[in-house]
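Have a look at the structure below before the remarks.
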Amino acid sequence: MEHVLGVRAGETDRIDFFTTHEALHLDYESAQTRTVPRRPGYFNLTTHFPWVGLRTNSPAGAHIEFLRGIENPVAIKVGDGATRDHVARWLAALDPHRQPGRLTLIHRFGAGRIQDSLPRLIEAVHAEGGLPVWMCDPMHGNTQTTAAGWKTRNFADIISEVEQAFDIHRAMGQTLGGVHIELTGENVTECIGGSRAPTKPTWPAPTNRK
């Protein structure tokens with residue numbers, strides 16, 4: 001809190017701290033979905049901002065149906081497989097009234113594919129009258145596996161996808177509203193390159209690693 005707010009946590013009576021997570025386990029999410037005083041509708045109280053991932057974003061799937069029934073702002077991870085029909089059905093289910101702030105699209109293509117894929121996605125959303133917040137996930141589209149079996153991401157690819165995302169959105173007359181970054185305080189080797197320039201691990205990966 002000292003880093004985020006510039007004040008010690010104990011020196012303020014209240015801290016606004018917002019959370020987000022993938023709405024993956026629907027039994028868990030629905031168990032904490034309730035009505036609240038002085039607000040209509042149902043809210044997922046496990047987080048402020050639930051999102052569905054690439055594996056669970058089918059427009060006909062249970063995860064989209066769950067998001068449809070709650071009043072939280074919600075998001076969808078979108079990749080190369082998204083079609084114009086997917087976009088139309090996502091918007092119809094999650095943002096039928098085209099309410100600013102209701103829906104965020106988190107695109108994840110990879111540095112080598114974003115130039116072709118992102119403009120098509122933006123054009124499909126514009127054709128449907130969508131008004132989503134746009135976010136870039138430069139982590140998951142840039143995953144590579146070393147010969148030893150370790151999952152890695154090259155920092156140069158991560159930076160490249162973010163920079164390309166800013167350029168594409170700007171060229172198409174809109175704003176990139178956020179970036180989805182995974183961070184850890186652990187001394188891991190999942191990202192290589194960058195200021196500390198860690199290199200690819202060469203020792204054997206654990207046999208149960210997926």
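The values are calculated or read from the model by the stated rules, or taken from the named source; none is laboratory data. Treat the numbers as computed from the prediction; the structure is a model and nothing was measured. Glycine also receives a Cβ, built like all others from the backbone with ideal geometry; neighbour counts cover every protein chain displayed. When the accessible area is computed, the model is the full protein with side chains, heavy atoms only, and any ligands, DNA or RNA have been set aside. Shrake-Rupley method; radii C 1.70, N 1.55, O 1.52, S 1.80 Å.
Close amide H contacts of THR104 (hydrogens built in the peptide plane, cut-off under 5 Å, sequence separation of 5 or more or a different chain): VAL74, ALA75, ILE76, VAL133.
For segment 110-170, taking Cα atoms only, Rg and Dmax work out to 13.7, 47 Å respectively. Highest mobility in the GNM of the chain, judged by mean-square fluctuation with C-alpha springs under 10 Å and restricted to ASP13, ASP137, ASP85, is found for ASP13. Within segment 1-107, the chymotrypsin sites (Phe, Trp or Tyr not before Pro) that combine a DSSP coil assignment with at most 12 other C-beta atoms in a 10 angstrom radius are PHE17, PHE18. For segment 63-97, the residues whose amide N sits under 18 Å from a probe point set 7 Å from the Cα of TYR42 along the beta carbon direction are 63-75, 93-96. Using a Gaussian network for the chain with springs between C-alpha atoms less than 10 Å apart, which of these wobbles most: GLY194, GLY185, GLY81? Largest GNM mean-square fluctuation: GLY185. Would you mind telling me which residue in GLY141, GLY61, GLY110 has the biggest mean-square fluctuation in a Gaussian network model of the chain, where springs connect alpha carbons within a distance under 10 angstrom? Comparing GLY141, GLY61, GLY110 in the GNM, the peak value goes to GLY61.
Summarise the accessible area of the chain (1.4 Å probe, protein heavy atoms) by the percent that is carbon and sulfur. Could the numbers behind the result be given before it?
Values: 6480 of 12600 Å².
Carbon-and-sulfur percentage of accessible area, whole number: 51.
Using Cα pairs closer than 8 Å and at least 6 residues apart in sequence, work out the relative contact order for the chain, in percent. Over the chain, the number comes to 13 percent.
Considering only protein heavy atoms, what per residue accessible area in square angstrom results for the chain with a 1.4 angstrom probe? Write out the running numbers ahead of the final one.
Numbers: 12600 Å² over 210 residues.
Normalised by residue count, the accessible surface of the chain is 60 Å².
Each Lys and Arg adds +1 at its Cβ and each Asp and Glu adds -1 at its Cβ; summed about the Cα centre, the chain shows a dipole of about 260 debye. When you restrict to C-alpha pairs under 8 Å that are six or more residues apart and normalise by the size of segment 1-110, the relative contact order lands at 21 percent.
If the segment from THR184 to THR20 were pulled out straight at 0.36 nm per residue, it would be longer than the present Cα-Cα gap by 57.4 nm.
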